[in-house]
Amino acid sequence: MEVQTVFFYLFSLVLLASAFRVITARNPVHAVLYLMLAFSQAAGVWLLLKAEFLAIVLVLVYLGAVMVLFLFVVMMLDIRIDGARRDFWRNLPLALAVGVVVALEMAAVLFGGFRGIPLAPEALSTAASGPGQYANTRALGILLYTRYLYQVEIAAAILLVAMVAAIALTLRQRKDNRKIDPAAQVRASARDRLEIVKLAPTGAPLPPPAPQPEEAVSSATMPAAAVPTSTPPAPEKKP
C-alpha cells in the first residue's frame, strides 16, 4: 500500500468521525471544534487529489474565518442545552427524512451526472506528470477571469452589497458620540481657529474681616446717655 493511500484513509476516517461528532456533541462549542477538525481533514483529502487551490481556500476562508466567527458567536450566546436536547429528540424524525432526501439527491447527481462525461486520458496524464508542467491554480484562475468573468463580478458585487448592508444594519446613532464633519474642517480658516477675548484685570481676593469680641460689640452699640462717666460733677459757686 502506498503512502498516499494510507494518508487518504487516515484523513477520511478522521473526517467521518469528526462529522459524526458534530451532530452528536451535546456542547455546541465542542460541535464547532469538531467541525473545524472536519474541514482540516477535508483540506488534506483535497491536497491528495491535487486540488491545492480548493484546499487553501477551505483552510483560509472556512477554517480560518467562518468557523472562528461561529465559535465566538456560539461562545457569546447564552444557549440553553436542556431545551436544545428536547428539541433535538422532537425534531429527529424530520431531520432524518431531510437527510435521506439530501443523500438521494447527491447520489443521483454523482452517479447520473458524470456517467455521460468521457474521460480525457491526455488531461489526466498532463495533470499527473508533475506540478512543473501543469498548475491547477493557474488553470482555475484563467478559467474564472476569462469564461466566467461576469459571474465573478456579479458575485463580488453581491458580497460588497451584503457587507455594506450588514454594517448599515448594525450601526446605531448615539447622542453621546462625537463626530467630525470633514466639510467643516476644510472650510475652516485661521480666524475661526483662534479667538482673542479681552477680560477685565482681576486681583487677589480680599481676606475676610476678623471677628470682633462680643463686649466691644455691645459697648459700641449702647446709646450715649446710658454710658456711665467716671468724672465727678463740678461744685456750685455761692454768691
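Could you name every one of the helices (runs of 4 or more DSSP H) located completely within the stretch 1-58 that has at least 2 residues being among the hydroxyl-bearing types (S, T, Y), farther than 26 Å from L140 by Cβ and modelled with pLDDT of 85 or more?
On the way: elements: 3-24, 28-48, 52-57.
Per the criteria, 3-24.
When you check L96 against the structure, is it surrounded by fewer than 11 Cβ atoms within 10 Å (Cβ to Cβ) and either modelled with pLDDT of 75 or more or of a type in the set (A, V, I, L, M) (or both), yes or no? Walk me through it before giving the result.
Values: surrounded by fewer than 11 Cβ atoms within 10 Å (Cβ to Cβ): yes; either modelled with pLDDT of 75 or more or of a type in the set (A, V, I, L, M) (or both): yes.
Criteria met by L96.
State yes or no: is A183 small (G, A, S) and modelled with pLDDT of 70 or more?
Numbers: small (G, A, S): yes; modelled with pLDDT of 70 or more: yes.
In short, yes.
Testing S18 on (1) hydroxyl-bearing (S, T, Y); (2) open to solvent by 50 Å² or more (accessible area, probe 1.4 Å); (3) under 24 Å from M75 (Cβ atoms), one condition comes back false. Which one is that?
Of everything listed in (1) hydroxyl-bearing (S, T, Y); (2) open to solvent by 50 Å² or more (accessible area, probe 1.4 Å); (3) under 24 Å from M75 (Cβ atoms), S18 misses just condition (2).
The values are calculated or read from the model by the stated rules, or taken from the named source; none is laboratory data. Every value quoted in this text rests on a predicted model; they were computed, and no experiment measured them. Cβ: placed from backbone, ideal geometry, glycine included. Neighbour counts: every protein chain shown. To get the accessible areas, we keep the full protein, side chains included, count just its heavy atoms, and leave off ligands, DNA and RNA. Shrake-Rupley method; radii C 1.70, N 1.55, O 1.52, S 1.80 Å.
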